[in-house]
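Inspection log for the structure reproduced underneath, given as structure tokens.
Bear in mind that the values in this text are calculations on the coordinates, not laboratory data. Given the structure is predicted, the values throughout are model-derived calculations rather than measurements. Note that each Cβ is placed from the backbone with ideal geometry, even for glycine, and that neighbours are counted across all protein chains shown.
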Amino acid sequence: MYGAWQELGKPADLLIEPAHPLIIEGRDARLLDAFLAHAGLDEHIYAETANRARRHGAAVDEELVASGVLTEERLAAAIARTLDLPFARIEPGITILRNGRGEWQSGQRHLKGCGLGFDARLFISPALDDLAGTARRIAALGPRRTALCVATRGDIARARADFTQQERADRARLSLAADRNHLSAREVMTAFQAMVATLIATTVVLAWALLPWFWNAVHVLCSLTAMVLTTFRLAVLSETPPIEEEPSRPSPPDLPDPLDEIDGLPVYSVLVALHREADMAPSIVEAMAALDWPRSKLEVFFVCEASDPETVHAVERAIAGEPNFSVIATPRSDPLTKPKALNFTLPLARGEFLVLYDAEDRPAPRQLRAAFETFRSAAPDLACVQAPLTIRNARAGWFETLFALEYDVLFKATLPWLAAHNLPIPLGGTSNHFRREALVDVGGWDSHNVAEDADLGIRLARAGCRTGVIDAPTSETATGRWRDWRNQRTRWIKGWMQTWLVHMRNPGRLVRDLGWRNLLSFQLVFGGMVASSLLHVVFGIHLVAQALAYAAGQQTSLVFGLLAFLDVSNIILAYAAFIGLASRVTPRSEHRLLRRLWSLWFYWLMVSFAGMRAALQLLHKPHHWEKTPHGPTAARPLPDAGHHLSTS
């Protein structure tokens, strides 16, 4: 049997690319009639589905399953009976065979494997578009056709995923550290960076002890840094127009969608990351089902941990009956991070475009269309677009309000400003839309970086790719508990520290990759994120010391007083810039939230605490991922907010 099997040639020779015919004649018509009879399918329903498949650029069999006309099993069984082949499920543990060039013999519609009984089989999922041609090629095999059987496309995909699991797990665990170690955060610091850090720390300690003016010099440096960061915010403010309040209303029914004129949309892959979020499964599945994209051209992977069976089973129950929705259970291995799970899933995604969501996300239904329209109208070097994140529970409490205003400033002002000036963008943790090829080319996500999103934005820029923004939003929930907020903010700042250290390992190479303009932006954005999380401590200590000295009736030096004045000025300017930005990007209906900005000083003080905690974690547990829990919500997807903003 095995010798005869080797003579079958390429399994793909039995299959064809879908041609989407609407007029079927001759033997094709007779076989189609037989298929319809075996499937119990009405001819008019088939014709409607074939027309829809042609518009979507999908195969008819894909459209039949995606639209719910037939299940995969019923479709495959009917095709098998039509071609006089057995219909079989692929047994667990099957070994995929290689061809003469060492390539795995498996694709979207075929799998060549050897089962536990060492019997070689070729599982195929023929397209309906050329049943007669497929039948002729099968007949030409003669006795060797006994090695053939029909399987569902889903079964073929699952068998391929199971067989490649260990390989994908190993590569996901190492990710960039395997072949691009200079870009991976697996090593916290290089030997040279550690030496420089030690020298700086030693110098600071000695100077602090021996030089009376050293504290004042450090203070002046911190003040100058704060001024630069505030100047950056003022520059963003000067180019950020006030948000226009428009009532949500559906588009006029006679307004054509420009994408409807395209003869076939590409496949879009959606990755949804969940961990210990079983109660979120029904709502996130509902949100994904509401995405406005042809289901035959959409695949959704719910990425879970194998060590979290409760979430895995909850998602499996929620996606029952949803075509092209599947669960990927990531094997447990270090590091236990979200980017490792995404890297484990990435090789399974076949979409030309890919987007990432979290369990609590509720994207606007037309967000995929807005992203695709932006990609379609831009140059090929546009590799990613970021959708804005909004907080839907902003009125729930103090934490939620400040968090929501912070998100508004970042996603509605800062990132659009960076995109408009063609500067590197630190991506948000979700709602990033990628050209999949560009994402693979830069190595996917760094499994060892706990701010993998921000790091990926810089790696895309270093590869010569651009990142843009769109304005179709995704809503999220903000945590209202101090402990959860602290852990989340610690992880973010620690990840920004990791990212800065990684890309500053070779400053000369970084300049060559980015250019001086983008390098300065990188220092300002990433260095500024870390610095701003710590500066309030410096200013706070000095102002408290000044107040205590004044209360005790002590004489203070002129320099001490000038520094205190500088601190107050810096703080006031920083508050004014942030409040100005928040006022610009907050809709009038939500202006009541701005009343809580009087306590911004305390919020930023807590950010400083998280920054110090992040620095300590960077030393003793750099890859530790502190999960932020999110409760279930019944919020519906957001209404659409237009299409694209800046992509330059």
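What FRET efficiency would be calculated for the residue pair ALA132, GLU91, taking the C-beta separation as r and a Förster radius of 30 Å, to the nearest 0.05?
For R0 = 30 Å, the calculated efficiency reads 0.45.
Put a dot 7 Å past each Cα toward the Cβ at THR190 and ARG55; how far apart are the dots in nm?
5.6 nm
Pairs of lysines 8 or more apart, or on different chains, with alpha carbons under 20 Å: count those in the chain, would you?
Here the count comes out as 9.
Residue separation times 0.36 nm, minus the C-alpha to C-alpha distance between ALA235 and GLU310: what's the value?
22.2 nm
Between ALA545 and ASP279, what is the spin-label point distance in nm, taking each point 7 Å from the Cα along the Cα→C-beta axis?
Here the answer is 4.7 nm between the modelled labels.
Can you give the relative contact order of the chain as a percent, counting alpha carbon pairs under 8 Å and 6+ residues apart?
Across the chain, relative contact order equals 16 percent.
Report the extension gain between LEU199 and ARG505 in nm, rounded to one decimal, defined as 0.36 nm multiplied by the number of residues separating them, less their alpha carbon distance.
Gain in length upon complete extension: 108.5 nm.
Just to verify a number: FRET efficiency for ASP292 and ARG592, C-beta to C-beta distance, R0 = 35 Å, to 0.05?
0.60
Figure the gain on full extension for LEU619 and ASP334 (residue separation times 0.36 nm, minus the Cα-Cα span) and round it to one decimal in nm.
The span from LEU619 to ASP334 would gain 100.8 nm if fully extended.
Find out how many positive minus negative residues lie around LEU594, taking Lys and Arg as positive, Asp and Glu as negative, among other residues whose Cβ is under 12 Å from that of LEU594.
Computed value for this residue: +3.
Order of SER533, SER608, SER377, SER307 from fewest to most other C-beta atoms within 10 Å?
Exposure proxy ranking, most exposed first: SER377, SER307, SER608, SER533.
For PHE87, which sequence-distant residues (separation of 5 or more, or a different chain) have an amide H within less than 5 Å of its own amide H, given hydrogens modelled in the peptide plane?
VAL150
When VAL327, VAL355, VAL205 are ordered from fewest to most other Cβ atoms inside 10 Å of their Cβ, what list results?
Taking fewest neighbouring Cβ atoms as first place, the list is VAL205, VAL327, VAL355.
Could you point to the label whose value was computed as percent of Cα pairs over 39 Å apart for the structure here, given (i) 39; (ii) 62; (iii) 44?
Recomputing percent of Cα pairs over 39 Å apart here picks out (i).
Taking only DSSP H segments of four or more residues, each worth -39500 (n - 2.57), what value at 222 nm results for the chain once the sum is divided by all its residues, to the nearest 500 deg cm²/dmol?
Counting only the DSSP helices, I get -15500 deg cm²/dmol.
Order these by the 10 Å Cβ neighbour count, fewest first: VAL607, VAL218.
Placing the least packed residue first, the sequence is VAL218, VAL607.
Report, to the nearest 10°, how far helix 507-522 tilts away from the longest principal axis of the Cα atoms in the chain, using its own Cα long axis and a range of 0 to 90°.
In the chain, helix 507-522 runs at an angle near 70 degrees to the longest axis.
Return the distance in nm (one decimal) between the two label points of a simple spin-label model at ALA207 and GLU103, each offset 7 Å from Cα along Cα→Cβ.
6.0 nm
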